[in-house]
Amino acid sequence: MKKQIVEELNGMPGTHPLSSLLREDRMPHIWCPGCDIGTVFSSCLTAIHESKIDYNNFAMVSGIGCTGRAAGYIKLDSFHTTHGRAIPFATGLKIAKPKMKIIVFSGDGDLFTIGGNHFIHAARRNIDLTVICVNNFTYGMTGGQVASTTPFNSKTSTTPQGNFEKPFNLPYMAAAAGAVYVSRWTTLDVRRLTSSIVEAFNKKGFSFIEVISSCPTSFGRKNKLGSPLDIIQHFHKISVIKNGIHPKDANLDIDKEIVVGKFVDMEAPTFFDLLEKIYPPETEKGA
Amino acid sequence: MKYWRKPLDYEDIKIPRGKVSIIEDRCKGCSFCVEYCPRDVLEMSEHFNKKGYHTPYVRKPEDCVNCNFCEVICPEFAIYVEKMGE
Amino acid sequence: MEGTEHFIMGDVACAEAAIASGCRFFAGYPITPATEIAERMAKRLPQVGGVYIQMEDELASMAAVLGASWGGLKSMTATSGPGFSLMMENIGLGIVMEVPCVVVNVQRAGPSTGLPTLCAQGDMMQARWGSHGHYEIIALSASSPQELFDVTIKAFNLSEKYRLPVLIMTDEVVGHMTEKVIIPPSNRIEIYPRRITKLPPEEYLPYLPDEDMVAPMVGIGEGYHIHSTGLTHDKKGYPVISAPVQKDMIDRLVYKIRNNVDDIVEYREIETADAEIIIVAYGISVRPAQKALELAREKGIKCGMLRLTTIWPFAEKKIMELASQVKGFVVPEINYGQISLEVERCSAGHAKTILVSHAGGAIFNPNEILEAVEKL
């Protein structure tokens with residue numbers, strides 16, 4: 001059993017198991033050292049692989065911001081749209097391609113601050129999209145400004161003496177708007193996140209997954225949260241899994257407690273179910 | 001591995017073996033993999049990659065049990081593990 | 001022109017033309033005076049296997065149109081001034097991603113809320129430069145329900161041929177006016193099919209153009225794994241932050257239109273052969289100008305008219321050509337000088353340009369135009 005060849009493998013770039021889903025010609029990617037958007041993105045690619053659904057059946061749409069760059073790294077049909085408009089773009093794409101799995105992969109600023117109106121309407125319509133929101137509490141790309149998800153009293157470059165506004169509770173908002181699948185994980189719950197994404201892929205209707213992630217460069221530094229490692233350790237330490245609780249109780253306090261888990265997983269007629277019921281596809285009549 | 005007492009099926013359990021590979025130039029030295037490897041197989045090295053980041057190195061390859069947590073936690077797609085039998 | 005005769009509203013004619021052109025997706029938002037287009041599409045699209053969706057705002061409408069067009073459906077939206085302003089950023093996205101689609105602007109009196117139920121032609125420069133950055137656009141215009149029908153078909157064809165959003169600039173009167181519209185049989189309507197690549201995925205580059213500088217498209221979900229972004233991108237569609245790549249991209253976006261101006265620009269000349277004065281008109285202003293032309297001819301004034309159905313790119317060559325032949329141009333438009341500036345620019349001093357302006361909320365009295373003609 002001891003016969004083992006220890007090869008000096010560090011130097012030789014082999015093929016990463018996700019290379020078939022990754023635009024390797026664009027690696028290394030843009031995200032900062034220790035920023036865990038990459039981990040969430042990797043988890044999403046793993047979920048695509050584990051879902052056993054034909055890769056060609058997936059498309060990714062993302063908006064503007066650090067996380068928005070994800071569409072540029074996935075080796076599938078992907079679209080990098082304007083700030084906040086990933087969801088309506090994805091709605092149009094989904095209507096044109098009902099059988100495809102459309103993933104909206106974007107950040108908290110893009111999806112909820114500027115794009116909030118589109119988010120709640122897509123959830124209300126229960127259109128079949130999987131929305132993955134990497135929530136790092138700030139606008140990272142532009143250097144760490146306050147967002148609708150920035151914790152109260154947190155420092156950002158536009159709230160130098162502390163954020164005086166209260167952030168959204170994203171799962172509560174998604175559930176209230178009509179999402180049929182809502183879950184939240186921290187990036188360290190990688191395997192739970194991956195299986196949650198697979199569940200979302202197979203879910204009929206609007207599914208939303210929030211991933212609590214660090215922005216060590218801007219938000220982390222301005223609020224003295226320590227190194228990237230400290231942040232994800234801290235988030236994990238204070239996170240507690242409470243599956244099935246009412247999303248309004250999904251507390252998110254980056255100092256004391258982060259409630260994670262799957263909060264909503266119910267069945268409801270989707271946009272297409274109702275469209276076909278009330279507007280049954282008729283045979284094509286001449287113009 | 002320290003056990004409180006020897007598990008009854010100690011002999012039958014086959015411990016998987018994994019081979020860790022590092023795509024060095026993608027690594028940005030965040031050390032998540034080193035921190036979260038359950039068997040402390042990895043360690044940050046003094047070596048610099050092309051971009052000037054310290055990369056991990058496989059300190060105890062024989063201890064890797066192919067749990068591939070380093071692979072899934074890595075934000076840079078810079079490390080992966082292949083099964084090597086038991 | 002043989003076909004079936006209909007007595008329908010301009011907005012409705014526009015919707016019918018879209019369906020005749022193969023449009024199967026409409027994302028809209030209600031706004032006077034364009035709502036009737038959305039209403040017609042909502043009624044008709046399900047009958048032809050299409051989908052109408054009313055989005056939460058015009059930002060979403062434009063985004064959805066781009067998404068559906070990428071998904072392979074000919075797509076359209078219709079709005080008026082306020083919505084048009086909201087659509088600008090995503091029209092820009094459609095330009096850079098090169099997405100074929102049609103955006104109709106049934107103009108109303110602005111600025112701001114203005115006179116929602118009354119007409120104007122004040123968004124003409126917004127149609128040209130509304131989005132940010134330097135780009136070329138195609139904008140057509142219509143002066144009657146029949147012309148709106150014809151122009152909508154042309155808009156879809158141009159959008160597919162040159163792979164960009166094409167705007168239709170009409171106005172409240174044309175939109176709400178009911179007139180005879182002849183709809184040709186579907187086999188007589190020329191439809192430009194989407195230009196799909198013949199290359200296999202491994203050889204295909206999303207933005208590698210054909211010789212007319214337009215790049216063939218692909219179907220989504222067929223293994224091409226294309227990436228399309230609003231960022232400046234190279235032939236692979238990958239974002240590249242560099243001046244040379246920017247130049248390549250902008251050159252192509254601009255010259256794919258400028259090099260094909262003769263194919264795109266369309267106008268009708270009425271009695272311009274011997275004309276000393278030419279009225280340059282578009283949209284609803286064509287109707288009173290037609291009357292003014294007749295009155296002038298009765299008074300022995302050699303007057304003609306140039307009816308623009310393509311606004312952008314502007315009919316520069318034609319104006320330059322006519323400028324050496326005529327004393328002057330009279331440009332009646334329901335704004336305080338937009339297209340008249342173009343006419344002035346292109347006549348380059350060879351002929352005078354007189355703007356007949358109007359603040360909006362009504363159309364011209366032919367005599368107002370006649371006065372300007374007589375002054376020349």
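The values are calculated or read from the model by the stated rules, or taken from the named source; none is laboratory data. The shown structure was predicted, so the numbers you read here are calculated from the model rather than taken from an experiment. Heads up, the Cβs are rebuilt from the backbone with ideal geometry, glycines too, and the neighbour counts pull from every protein chain shown. With ligands, DNA and RNA removed, areas are computed over all heavy atoms of the protein, side chains included. Shrake-Rupley method; radii C 1.70, N 1.55, O 1.52, S 1.80 Å.
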**Prompt:** Can you list the equivalent-ellipsoid semi-axes of region A:21-122, largest first and in whole Å, using the square root of 5 times each Cα gyration tensor eigenvalue?
**Reply:** 20, 19, 11
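How many partner chain Cβ atoms sit within 10 Å of a residue's Cβ in peptide A:38-46, on average, as a whole number? Don't skip to the answer; put the middle values down first.
Details: counts 10, 8, 1, 2, 7, 2, 0, 1, 2.
What the average comes to for A:38-46 is 4.
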**Message:** List the residues, sorted by chain then number, that are 5 or more residues from A:HIS83 or on another chain and whose placed amide H is less than 5 Å from its amide H.
**Reply:** A:ILE64
**Item:** C:PHE364 long-range amide H proximity, modeled H, under 5 Å
**Value:** none
**Item:** Spin-label model distance (nm) - A:LYS248 vs C:SER186, 7 Å beyond Cα toward Cβ
**Value:** 5.2 nm
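Restricting the count to DSSP beta bridges whose residues both fall in chain C, what percent are antiparallel, rounded to a multiple of 5?
Values: 14 of 51 bridges.
The antiparallel proportion sits near 25 percent.
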**Request:** Might you list the cysteines of chain A that have no disulfide-compatible partner by the rule of another cysteine's Cβ under 4.7 Å?
**Result:** A:CYS44, A:CYS66, A:CYS133, A:CYS215
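Compute the convex hull volume of the Cα atoms of the protein assembly as shown, divide it by the residue count, and report the result per residue in Å³ as a whole number. Before the final figure, lay out each step's value.
Values: hull volume 138.0 nm³, N = 749.
In the protein assembly as shown, the Cα hull volume divided by residue count equals 184 Å³.
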**Request:** Tabulate in residue order the Karplus-calculated ³J(HN,Hα) for region C:272-282, using 6.51 cos²θ - 1.76 cosθ + 1.60 with θ = phi - 60°, rounded to whole Hz; enter x for Gly and Pro.
**Result:** 8, 3, 9, 6, 9, 10, 10, 8, 9, 9, 8
**Asked** Leaving out ligands, DNA and RNA but keeping every protein chain, what accessible area does C:MET320 have, in Å² rounded to the nearest 10, with a 1.4 Å probe?
**Response** 100 Å²
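Counting DSSP beta bridges in the protein assembly as shown, what percent are antiparallel, to the nearest 5? Intermediate results must be reported in sequence, preceding the final value.
Working: 32 of 100 bridges.
Looking only at bridges with both residues in the protein assembly as shown, the antiparallel portion is about 30 percent.
Out of the DSSP beta bridges found with both residues in region A:29-268, what percent are antiparallel (nearest 5)? Before the final figure, lay out each step's value.
Values: 8 of 36 bridges.
Of the beta bridges lying entirely in region A:29-268, close to 20 percent run antiparallel.
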**Asked** At C:LEU341 and C:THR4, where each label point lies 7 Å from the Cα along Cα→Cβ, what is the point-to-point distance in nanometres?
**Response** 4.5 nm
**Prompt:** For C:THR178 and A:TYR279, what does the FRET efficiency come to when R0 = 25 Å and r is the distance between their Cβ atoms, rounded to the nearest 0.05?
**Reply:** 0.40
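Grab the beta carbon distance between B:ILE15 and A:ASP54, set R0 = 30 Å, and tell me the FRET efficiency rounded to 0.05.
Numbers: r = 35 Å, r/R0 = 1.17.
My answer for the efficiency is 0.30.
For chain A, just say rounded, prolate or oblate: build the C-alpha gyration tensor, square-root its eigenvalues into a ≥ b ≥ c, call rounded for a/c under 1.5, and beyond that prolate if a/b exceeds b/c, oblate if not. Let's see the in-between values first.
Details: a/c = 1.66, a/b = 1.18, b/c = 1.41.
Since a/c reaches 1.5 but b/c is at least a/b, the shape of chain A is classed as oblate.
Near A:LYS75, within a Cβ-to-Cβ distance under 10 Å, what is the net charge of the other residues, with Lys and Arg +1 and Asp and Glu -1?
Surrounding charge for A:LYS75 is -1.
First check a/c for region C:1-83, with a ≥ b ≥ c the square roots of the eigenvalues of its C-alpha gyration tensor; if it is under 1.5, answer rounded, and if not, answer prolate when a/b is larger than b/c or oblate otherwise.
Values: a/c = 2.15, a/b = 1.32, b/c = 1.64.
Verdict is oblate for region C:1-83.
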**Request:** Work out, step by step, the length gained on full extension between C:LYS198 and C:HIS350: first 0.36 nm times the residue separation, then minus their alpha carbon distance; give nm to one decimal.
**Result:** 49.8 nm
**Request:** Please list, in chain and number order, the residues 5+ apart from C:ILE182 or on another chain whose amide H is under 5 Å from its amide H, with Hs placed from the backbone.
**Result:** C:HIS6
**Request:** Find the Rg to Rh ratio for region C:1-157, where Rh is the Kirkwood radius over alpha-carbon pairs and Rg uses the same atoms.
**Result:** 0.94
**Asked** From the Cα gyration tensor of region C:123-196, with a ≥ b ≥ c the square roots of its eigenvalues, which class applies: rounded if a/c is under 1.5, or else prolate if a/b is larger than b/c, or else oblate?
**Response** oblate
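Summing both sides, how much accessible area is buried between A and B? Use a 1.4 Å probe and give Å² to the nearest 100. Let's see the in-between values first.
Working: alone 14440 and 6380 Å², together 17790 Å².
Separately minus together, A and B give about 3000 Å² buried.
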**Separation of the A:ALA268 and A:THR142 label points, Cα + 7 Å toward Cβ, nm** = 3.1 nm
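Counting only protein heavy atoms and using a 1.4 Å probe, what share of the accessible area of the protein assembly as shown belongs to carbon plus sulfur, as a whole percent?
Values: 16230 of 29320 Å².
Ligands and nucleic acids excluded, carbon and sulfur reach 55 percent.
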**Complete:** Per-residue ellipticity at 222 nm attributable to helices in chain C (runs of n ≥ 4 DSSP H, -39500 (n - 2.57) apiece, nearest 500 deg cm²/dmol) works out to -11000 deg cm²/dmol
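Keeping every protein chain in place, order C:LEU293, C:LEU199, A:LEU225 by accessible area at 1.4 Å, biggest value first, i.e. largest first.
Numbers: C:LEU293 0, C:LEU199 65, A:LEU225 45 Å².
Per-residue accessible area, sorted high to low, gives C:LEU199, A:LEU225, C:LEU293.
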**Fill in**
In the neighbourhood of C:ARG307 defined by beta carbon distances under 14 Å, the net charge of the other residues (Lys, Arg +1; Asp, Glu -1) is -2
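Where Lys and Arg each count +1 and Asp and Glu each count -1, what net charge lies around A:ILE197 among other residues with Cβ under 14 Å from its Cβ?
Numbers: positive: A:LYS52, A:LYS101, A:ARG184, A:ARG191, A:ARG192, A:LYS203, A:LYS262; negative: A:GLU50, A:ASP189, A:GLU199, A:GLU210, A:ASP265.
So the environment of A:ILE197 carries a net charge of +2.
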**Asked** Ignoring ligands, DNA and RNA, how do C:TRP70, B:TRP4 rank by accessible area with a 1.4 Å probe, largest first?
**Response** B:TRP4, C:TRP70
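How high is the relative contact order of region C:4-188, in percent, counting Cα pairs under 8 Å that sit 6 or more residues apart?
Relative contact order comes out at 30 percent.
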**Item:** Whole-Hz couplings from phi, Karplus 6.51/-1.76/1.60, listed for region C:66-73; x for Gly and Pro
**Value:** 5, x, 5, 5, 4, x, x, 9
**Prompt:** Comparing A:ILE114, A:ILE103, A:ILE37, which has the greatest mean-square fluctuation in the GNM of chain A with Cα pairs linked when under 10 Å apart?
**Reply:** A:ILE114
